[in-house]
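Notes for the one structure printed next.
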Amino acid sequence: MSSNQRLRTNYGTEAAEAAEPEPGLVDERLLVLVLESTKWDLRLLCLASSVSRKLRAIAKRVLWRQLCFHRAPHMVASLMDGGPKGGRIAGGWPALAKLMFFCCGAEPEPSRHFRLGQRLPGHFVKASRFSKTSGRSFLPRKCRGDLLYVSDPCEHQMSDQNEDLGLYRGVFKGFMSSRTRACLIRRQVTLEDRVCPYCGARVWSMTTARLVPRSAARRLGSRDGRLEYFVCVNGHLHGSCWLIPLSSDEDNGRPGDDNDDDKSDDDGLMTNDDSGIYSSGSLSSTEEEVVGDSYSSPNAN
């Protein structure tokens, strides 16, 4: 056998061995069992997905989806509309996980309608309450048939402002077939140059589209015209607003309740206590609190 033939043979053997999965390390069932035993620890999942491309692919395909179902079972079931637990979701499961646990921050000039004096970096949040009752406040009357979950605003003190800045995020169910998207298309609203901080897709400005109802400001505890939000082509929402100070006589509007919002009976809620064990709570069945880990990395990509 010539030296060239030996080199080709050795190269082929090494390539075949490299293509074989490492036993145990990339076994999907084993990884699921390990993460289940840790109550789907975010830090561990972030670390696992950064070990290799194989583990990253498994995390993207399986593990982030399982984490979403574990941490927000009611919200994810509503978004999937009874579909299979192994199904896909617009924008991908890593993007939804990031939206659940990560406040995207803000740039000094986030848009032509809303300007800040300083940059706010994104950060991991320990807990967020997502509500489809709040989501209805963000929908114009002609789009009230859509299902939208929106978080409570993450409050940031601004050194050069008398008001706090609120940053919020949300997600539509079935955005491709939603009335909101149809309205944006019908009005021929152009996509912005910026991208979604969660999935990287292009976004529409709802202010530019004139689709921001006054009920959104009341729900956030802001004033009309003092907020801005964007919706990406995958149905992820993110925005900012100036919050009315609680010491103000206008504190009745923070957070505001809309008289025409539907009320619902209480239902069980999965919350995280100090021991890390999930227990049943009692929030509205239209709401869900997503609890993270204070020491976890926000990187869910």
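Values computed for the structure shown
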item: Pick from region 224-237, criterion closer than 13 Å to F114 by Cα and not small (G, A, S), ranking: surrounded by the fewest Cβ atoms within 10 Å (Cβ to Cβ); result: D224
item: G122 being over 11 Å from R169 (Cα atoms), in contact (Cβ under 8 Å) with a residue 12 or more places away in the chain and either aliphatic (A, V, I, L, M) or in contact with a strand residue (DSSP E or B) (Cβ under 9 Å, 6 or more places away or on another chain) (or both); result: yes
item: Those residues of region 29-51 which are assigned to a helix (DSSP H, G or I) and under 21 Å from the mean Cα position of the chain (by Cα), in sequence order; result: L35, L42, R43, L44, L45, C46, L47, A48, S49
item: Test: D81 is of a type in the set (D, E, K, R), over 24 Å from H238 (Cβ atoms), out of contact with any Phe, Trp or Tyr (no Cβ under 8 Å at 6 or more places or on another chain) and modelled with pLDDT of 75 or more; result: no
item: Residue check for Q188: over 16 Å from the mean Cα position of the chain (by Cα), modelled with pLDDT under 95 and not small (G, A, S); result: no
item: Out of D164, D152, sole residue that is acidic (D, E), surrounded by 13 or more Cβ atoms within 10 Å (Cβ to Cβ) and within 21 Å of the chain's Cα centre (by Cα); result: D152
item: Filtered residue count, region 33-69, keeping only those that are touching a Leu at 6+ places or on another chain (Cβ under 9 Å), among the charged types (D, E, K, R) and surrounded by 16 or more Cβ atoms within 10 Å (Cβ to Cβ); result: 2
item: Single residue of region 15-40 satisfying the filter (modelled with pLDDT of 80 or more and in contact with a helix residue (DSSP H, G or I) (Cβ under 7 Å, 6 or more places away or on another chain)) that is farthest from H123 (Cα to Cα); result: E28
item: Per-region count, region 141-179, residues touching a Ser or Thr at 6+ places or on another chain (Cβ under 8 Å) and among the acidic types (D, E); result: 2
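Residue-wise test of (1) within 14 Å of S240 (Cβ to Cβ); (2) of a type outside the set (V, I, T); (3) at pLDDT 95 or above; (4) surrounded by 19 or more Cβ atoms within 10 Å (Cβ to Cβ).
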{"position": "D146", "(1), (2), (3), (4)": "no, yes, yes, yes"}
{"position": "R179", "(1), (2), (3), (4)": "no, yes, yes, no"}
{"position": "W204", "(1), (2), (3), (4)": "no, yes, yes, yes"}
{"position": "L220", "(1), (2), (3), (4)": "yes, yes, no, yes"}
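The values are calculated or read from the model by the stated rules, or taken from the named source; none is laboratory data. Not measured: the values here are computed from a predicted model. Because the Cβ atoms are built from the backbone with ideal geometry, glycine has one as well, and the counts that use them run over all protein chains shown.
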